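The values are calculated or read from the model by the stated rules, or taken from the named source; none is laboratory data. None of these values were measured; they are calculated from a predicted model. No Cβ is skipped: glycine too gets one built from the backbone with ideal geometry, and neighbour counts run over all protein chains shown. When the accessible area is computed, the model is the full protein with side chains, heavy atoms only, and any ligands, DNA or RNA have been set aside. Shrake-Rupley method; radii C 1.70, N 1.55, O 1.52, S 1.80 Å.
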Amino acid sequence: MAQLLLLHLIAAALAPWLAKTLRTKAFPLLALVPATAFAWLLVVATDVRDGNLPTQRIPWVPGLGLDLDFRLTTLSWVVALLVTGVGALVLLYCTWYFRDDDPTLWRFTSVFTAFAGAMLGLVLTDNFLMLYVFWELTTVLSYLLIGHNPGSSTNRRAAMQALLVTTFGGLAMLVGIIAIGVHHTYSISALLADPPPLDAVTVAAVVLLLVGALSKSALVPFHFWLPGAMAAPTPVSAYLHAAAMVKAGIYLVALLAPVFAGAPAWHALTLGLGLLTMIVGGWRALRQHDIKLLLAYGTVSQLGFIVAIAGLGTKTAALAALALVLAHGLFKSTLFLVVGVVDHAAGTRDLRRLSGLGRRMLPVSVPAAFAGLSMAGVIPMAGFVSKESALESLWEEAQEAAPFPSIYGYLALAAVVVGSALTVAYTCRFLWGAFATKPGVPPTPITVPHPGFVLSPLLLGVGCLALGLLAPFESPWLMPYAVTLPTGASPEPLALWHGVTVPLLLSLVSLGVGVALFAQREAFARAQARVPALVDGERGFARTLRAVDRGAVETTAVTQRGSLPIYLASILLVFVALPGMAAVTQGRLPEVRLWDNPAQAVVGALMIAAAVLVLVTRRRLTAVMLVGATGYGVAMLFVLHGAPDLAITQMLVETVSLVVFVLALRRMPTKFTRHPDSPSRTWRLGLGAAVGAAVGVIALVASGGRTTTPVSVDFPTEAYTFGHGKNIVNVTLVDIRAWDTLGEVSVLVAAATGIASLIFVRTRNTRLSRATAKALPSSNAARGTWLLGGRTMRKEKRSVIFEVVTRLVFHIMLAASLYLLFAGHNQPGGGFAGGLVAGLALVVRYLAGGRYELDEAAPFDAGLLVGLGLLVAVGSALAPLAFGGTILETTAVDFTLWPWGEVHLVTSLVFDIGVYLIVVGMMLDIVRSLGTGIDRQIAEEQEQDEQQQETEDEPEELQTEGARP
Amino acid sequence: MTAAVLPALSNLSTLPAAFQASEVNYVAVMPLFIVFVTALIGVLVEAFMPRERRHRVQVSVAVGGLLAAAVSIFWASSNLGLTMGLSDGSTNRSLFALAIDGPALFLQGAILLMGILGVLTMAERFGGVGPDAFTPSGASTPGSPVETAATRAGALTSEVFPLTVFAIFGMMLFPTTNDLIGMFVALEVLSLPLYILTGLARRRRLLSQEASLKYFLLGAFSSAFFLFGTALLYGYAGSVYFGDLSSAISTAPLAMNGLLLPGAFLVFVGLLFKVGAVPFHAWTPDVYQGAPTPVTGFMAACTKAAAFGAILRLAYVGLDTARWEWSNALVIVALLTMVVGSVLSVTQTDMKRLLAYSSIAHAGFILVGVLAFDRTGVGAVLFYIVAYGFSTIAAFAIVSLVRQNGAEATHLSQWAGLGKAHPVAASAFAFLMLAFAGIPLTSGFVSKFAVFSAAVGSGATGTVLAVVGVLCSAITVFVYARVIVLMFFSEAPAEKVEVVTPSAMTTFSIAIGTLTTLALGVVPASLLDLADRASQFVR
């Protein structure tokens, strides 16, 4: 069996080439492929009947349970016969349907052959996953076939619709398959042999499988895709929508019926929806004017009928279902092919314009009549036999009340009679519409079709009759499937004449009513027009699509408008919702002491006030100041808590950040663009508060979760014995955690270098511009002036008092920074704090006198300072190794220096000096890049603006003309 | 390094008796080592190689190094186990920084191979001096005289190659690290180069820079969350090693859960941000759109691989014992990710944004596999990552070829009718779309199937996830089908859109990506088998 599929695949691969060279002559050649399969099926027919089922197993992806397992059962044999037989005839028919110069022939031939192969694979496979694979292949390939003529937007929409509906169904089916496969097996024969218990998972899986089947077979509510798909070329409709693809759903229902017919919801989905579809389809078919569309709705109706019977779950019904499948495949493909011939010959499919074709196109109208009679269920056609047997199965159900109460059986019987009556009516409408001579309509001009063109419909049409006449011989071949059903007695064999039975009477009733309906067609059409559409799957589909579309657009508009605050807000919301809530619910809060000293509360209140004011203010500078205020508040808290050292550091860091902010803010608008009392600010306020609260709670929980003694309890003694210092914080930095500090300063160096070069690529490491070397041309100040600002700054920007005070304070600040550095070991201070003070001194010089003044005060490159600092720090870390110590070991040296007195020198001071230098260098870098750099940029921009203004002033005409596209 | 330093610092009061050298299995870490050295060589080349030869040398160095590293994985695979650390004899703990195991090596290999394809697409020059997708002068203001001058002077951004290799190093490290600190280091090593690469697009530079800034800011936030979580988990377990964490969870008192859960959530936030899971996905569309297209492809494939590797390790090795506490939150994230990713992709009009949302949806599908919590789940996730990665690199490479007036034509309307004028490129792209949709005989189907069946096998929650996943797949089918319809069945726009002819390198990437997509769809058995064998973590 795999060989047959391979044959299809090879044929599909060669088809484009064949189509290019042979043009339409390629079709008969390709038709040999399904014909071969058909022949093989005939060869093995007796084996299948006798139960020697051919099987074939080829491992493919054993890890997933996805294997090329094939086996031929009676059910698959029947469907395969239809698929291959009709496939071969339709391909033959294509020879005359297409024109030699059709540019898309290469694609069509290939896709069509591949489709035939996929369809064959679908019915042959014994693996649910392969079934799904072939299922989706037919979906995709049918999409390409329906969209064959992509020029029209109708085709595109129809193709898309069919694809979406069937893919959706297919995916639902996949879940069902997985659910069954994971819990039981992926093998179809194993499942049939050993059905799983009907627990919740299995029932859900069965329902999902049915959704797939119903969508493929175009049952309500998925029925709308099939008429839409009529945009496809007629051979495609004849094959896909009569014989092959739509039968896949029926195949699945019939496949599962022996084991799952007892599942809850099974009958509601198959019988209920099937019969509803039968009536809806028949009803709609009567309203069509396009004979192809009429057939499409007729197909929908028939498919509903077959699904209903296949899903019934009794032996009689199973036999009837197979007979229906065969009969329907034959008559519907005949009719579609006939439509194709008529369309080609007459140039229209509108039954209001077709007239008098019957007599003139006998080779077409005769098979059409056969097929039509078969569709209407008239003796002695195949359709009659199968419908008789279907009615019989329902009648038997109603009598025996198994597998469901007889009231439903009678209802179903009534529905089938109504549906059949409609079928008879639309069959009449079709035959009349296509072939009758209508009064008042001139005979449609026709071109006589090629004899080959009518060959396929003729053969199929005769088949309808033959199958009916040979009905008694048909049963043994179908019976092996029927007996696999658990319910019901062994069915009567198919026959043309069972005697005068209830089904026969019902059949006659429906025939009579149907003919009456057709006779009174105008009155009935008026009645129909007054009944609103009950089930409008298409509108529902469109509505769903629109809802998804609209939902997507609106969600995007809200969440994805490129606004960083909104993105961040979503992350923060999750932060509050998950970790925050987890901390609240799971965490254990320690005992909270509100304050040691009421002053702490006051400071805290001030900080909160400052934080709230930040959100209310409209000026950037004010906001920065207020943020700074919260920082100073923290410093105050440190002081009140007895940590002067931390307080100093915090204070200095805060000051430096403030300066950096101010330097950078020069390039920004003074006010925030957003109005402070906009609603977004309100929710941000709330979110901010929530995040703050969450962090607070987590911090509390974390500190409450302590179970072991903190390492820091040993710090005081260790700091004194090993670090020789009384300031624990400083000793921690330069001794206990000196490795950390070393790492941190290295990162600091890298970061400072990186930031400086990122912000101003050009100004890093460039020439220093000392004030002494430059003088404004307008100024004629003498050399040797103490206040250099006069040479370089514009008068209106100077503040003499500030400059004087700066010059006075500068050296004092430097001295203070050195004091902090040296005293840090025992007193509050240290290299970091000292470095910040020195840096601030430089900042003050810059603020007072501009960039030239800064370069005057620090006439060296920042990078040099930073590098030197790192060198000193690393050197002092490694130095102890030379004296037999370990890295970063601290030694104290005590000696007396004459004017000074006792000196207690600790080697870690050298390390601290390194830190000091690095911090000063980094501060210098900041001022140079953010201060000087921005100064230069401003100056350059001003020059550019001036130049631009000059150029803009001149050519006024250019401006008005400059309406660029 | 971290392994040696940390215990020494945290146990100052009880100094270790003697210095214990850390054990390093050099063969096992060889792939990582080679990639790191390659990156350093790239930096040196950047500094010393004359400009006219730099591009070629950089590409050869990067590709050669990555290939060598990929080859060395074969040797590493026979040296599985924990390494880079020491076994603490007194407490019987194993303090190792790296776990060289199946998932780690599988992902390393995947990242290397996808990285090679990524580098090859980035190297596309279209006859220019430097890589075509990158601006010659990243630091200059868009449209400024400086930029013009740089272009005129023939500046080129060949530093993208060492940056990429550094990122690959971080990505390889990410699923390999066995402790939270190492994981954080890897996170930063992979992220920082990506932040820069994002901002270097040659065209639409403001968009690119905005994307870079957003990515950086949000990424910095999520990194901070990761660190915050690490601190809490350290407080909880007294150790950052996954092994310790896992055993601490089973022994620690319940009262400590106040540290465990927030810590776990915060760490997951950091990781989920990297894979673009909802609600941490917001950066994805903006960044995917703004970044140079080859970078986007590289990022979509490799970052996802690395981050899912890290998520797997955290979920299966570090926090596995506390699974019941956090898995529900992850289930919600997975549901949201699938739904938002697929629904929002419906409305996109920009190809790159569409692919971004598609990547979000895929992240959701992969998460479903992660939540299966068994070996089949791990195997499925590994397979999915490879399948998706190769397809997505090829897809973005094709996007970078579709041009209008020299600039990339990413608006969907510009893709109309592409199938008629350029059938090969359009067919390849259509095929990739089918793979993203999960149609059988593409890798997308096999990977989705593997993930969903693992989920269904794991129980009721998994089944719900799989059902939602399938529904979302149906939605994405709509999206991808629409693209195919647009390409093949619509009229071309008035202004001509062309597909530029790429160099052999890009062609190679596209071909390999597409063929892998096909091969993994038709003969997936060998890779599935490999992924399955590689699905065992060492502890």
Q.
Can you list residue pairs whose Cβ atoms sit under 6 Å apart, with the first residue in region B:257-280 being closer than 19 Å to B:Leu187 by Cα and facing another protein chain (nearest Cβ under 7 Å) and the second being in a helix (DSSP H, G or I) and open to solvent by 10 Å² or more (accessible area, probe 1.4 Å)? Count only pairs 6 or more apart in sequence or on different chains.
A. B:Phe265/A:Leu578; B:Leu266/B:Phe225; B:Leu266/B:Phe228; B:Val269/B:Phe225
Q. Just one of the numbered conditions (1) in contact (Cβ under 8 Å) with a residue 12 or more places away in the chain; (2) facing chain B (nearest Cβ under 9 Å); (3) in a helix (DSSP H, G or I) is not true of A:Ala582; which one?
A. (1)
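Does A:Leu192 satisfy the condition of being more than 7 Å from every other protein chain (Cβ to nearest Cβ), within 18 Å of A:Val253 (Cβ to Cβ) and open to solvent by 10 Å² or more (accessible area, probe 1.4 Å)?
yes
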Q: Within region A:203-210, identify whether any single residue is in a helix (DSSP H, G or I), under 30 Å from A:Thr95 (Cβ atoms), outside the structural domain of A:Arg287 (by TED's automatic domain parsing) and among the hydrophobic types (A, V, I, L, M, F, W, C), and answer yes or no.
A: no
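Residue by residue, here is whether (1) part of a loop (DSSP other than H, G, I, E, B); (2) of a type in the set (S, T, N, Q); (3) over 35 Å from the mean Cα position of the chain (by Cα) holds:
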residue	(1), (2), (3)
A:Leu214	no, no, no
A:Ala229	no, no, no
A:Lys247	no, no, no
A:Val259	no, no, yes
A:Ile279	no, no, yes
A:Gln288	yes, yes, yes
A:Lys292	no, no, yes
A:Tyr297	no, no, no
Q) Regarding A:Arg928, is this residue crowded, with 21+ Cβ neighbours inside 10 Å, among the basic types (Lys, Arg) and in the same structural domain as A:Asp740 (by TED's automatic domain parsing)? A) yes
Q. How many residues are more than 8 Å from chain B (Cβ to nearest Cβ), farther than 30 Å from A:Trp283 by Cα, hydrophobic (A, V, I, L, M, F, W, C) and in contact (Cβ under 8 Å) with a residue 12 or more places away in the chain if we restrict to region A:532-577?
A. 3
Q: Can you tell me which residue within region B:223-246, out of those that are open to solvent by 10 Å² or more (accessible area, probe 1.4 Å) and not in a helix (DSSP H, G or I), is nearest to the other protein chains (Cβ to nearest Cβ)?
A: B:Gly238
**Q.** Which listed residue is without any contact (Cβ under 8 Å) to a residue 40 or more places away in the chain, assigned by TED's automatic domain parsing to the domain that holds A:Val915 and open to solvent by 20 Å² or more (accessible area, probe 1.4 Å), from A:Ala879, A:Ala823
**A.** A:Ala879
Q | Lone unmet requirement of (1) open to solvent by less than 40 Å² (accessible area, probe 1.4 Å); (2) within 14 Å of chain A (Cβ to nearest Cβ); (3) of a type outside the set (Gly, Ala, Ser) for B:Asp532 | A | (1)
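Could you list all residues from region A:300-345 that are in a helix (DSSP H, G or I) and within 19 Å of A:Pro221 (Cα to Cα)? Let's see the steps before the verdict.
Of all residues in region A:300-345, those in a helix (DSSP H, G or I) come to A:300-310, A:315-345.
Of everything in region A:300-345, those that are in a helix (DSSP H, G or I) and within 19 Å of A:Pro221 (Cα to Cα) turn out to be A:Val300, A:Ser301, A:Gln302, A:Leu303, A:Gly304, A:Phe305, A:Ile306, A:Val307, A:Ala308, A:Ile309, A:Ala310.
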Q: Taking A:Gly372 as the residue in question, decide whether it is free of Cβ contacts under 8 Å to residues at least 60 places away in the same chain and either part of a loop (DSSP other than H, G, I, E, B) or within 21 Å of A:Arg287 (Cβ to Cβ) (or both).
A: yes
Q. Restricting attention to region A:27-69, and to residues there that are within 14 Å of chain B (Cβ to nearest Cβ) and touching a Phe, Trp or Tyr at 6+ places or on another chain (Cβ under 7 Å), which single residue is farthest from B:Asp532 (Cα to Cα)?
A. A:Leu68
Q: Would you mind finding the one in B:Ser140, B:Ser144, B:Ser191 that is crowded, with 17+ Cβ neighbours inside 10 Å, modelled with pLDDT under 90 and over 21 Å from B:Ile41 (Cβ atoms)?
A: B:Ser140
Q. Can you tell me which residues in region B:70-90 are within 13 Å of B:Gln20 (Cβ to Cβ), open to solvent by 10 Å² or more (accessible area, probe 1.4 Å) and not charged (D, E, K, R)?
A. B:Leu86, B:Ser87, B:Gly89, B:Ser90
Q: May I ask you to verify whether A:Ala547 is out of contact with any strand residue (DSSP E or B) (no Cβ under 6 Å at 6 or more places or on another chain) and closer than 20 Å to A:Ala421 by Cα?
A: no
Q: Return yes or no: is A:Arg359 touching a strand residue (DSSP E or B) at 6+ places or on another chain (Cβ under 9 Å), open to solvent by 10 Å² or more (accessible area, probe 1.4 Å) and under 21 Å from A:Gly461 (Cα atoms)?
A: no
Q.
Residue under question is A:Ser406, and the condition is that it be among the polar types (S, T, N, Q) and open to solvent by 20 Å² or more (accessible area, probe 1.4 Å); does it hold?
A. yes
Q. Out of (1) under 16 Å from B:Phe445 (Cβ atoms); (2) open to solvent by 10 Å² or more (accessible area, probe 1.4 Å); (3) more than 9 Å from every other protein chain (Cβ to nearest Cβ), the odd one out for A:Leu198 is which?
A. (1)
Q.
Six or more apart or on different chains, Cβ atoms under 9 Å: show the pairs whose first residue is in region B:477-493 and at the interface with chain A (Cβ under 7 Å from one of its Cβ atoms) and within 17 Å of B:Val402 (Cβ to Cβ) and whose second is open to solvent by 10 Å² or more (accessible area, probe 1.4 Å) and of a type in the set (S, T, N, Q).
A. B:Phe488/B:Ser427
**Q.** Answer residue from region B:507-529, given it is open to solvent by 60 Å² or more (accessible area, probe 1.4 Å) and more than 10 Å from chain A (Cβ to nearest Cβ) and is nearest to B:Tyr384 (Cα to Cα) among those
**A.** B:Leu518
**Q.** Set A:Gly383, A:Gly340, A:Gly377: member being touching a Cys at 6+ places or on another chain (Cβ under 8 Å) and surrounded by 24 or more Cβ atoms within 10 Å (Cβ to Cβ)
**A.** A:Gly383
Q | Per-region count, region B:408-450, residues open to solvent by less than 10 Å² (accessible area, probe 1.4 Å), part of a loop (DSSP other than H, G, I, E, B) and more than 12 Å from chain A (Cβ to nearest Cβ) | A | 2
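Could you please let me know if A:Tyr186 is open to solvent by 10 Å² or more (accessible area, probe 1.4 Å), over 22 Å from B:Leu486 (Cβ atoms) and either aliphatic (A, V, I, L, M) or within 12 Å of chain B (Cβ to nearest Cβ) (or both)?
Taking the combined requirement at face value, the residue satisfies it.
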Q: Any chance you could count how many residues in region A:496-532 are outside any helix (DSSP H, G or I) and surrounded by 11 or more Cβ atoms within 10 Å (Cβ to Cβ)?
A: 5
Q) How many of the residues in region B:451-497 are basic (Lys, Arg) and not in a helix (DSSP H, G or I)? A) 1
Q: Search region B:494-506 for residues being farther than 27 Å from B:Gly444 by Cα and open to solvent by 40 Å² or more (accessible area, probe 1.4 Å), and hand back the single one that is nearest to the other protein chains (Cβ to nearest Cβ).
A: B:Glu495
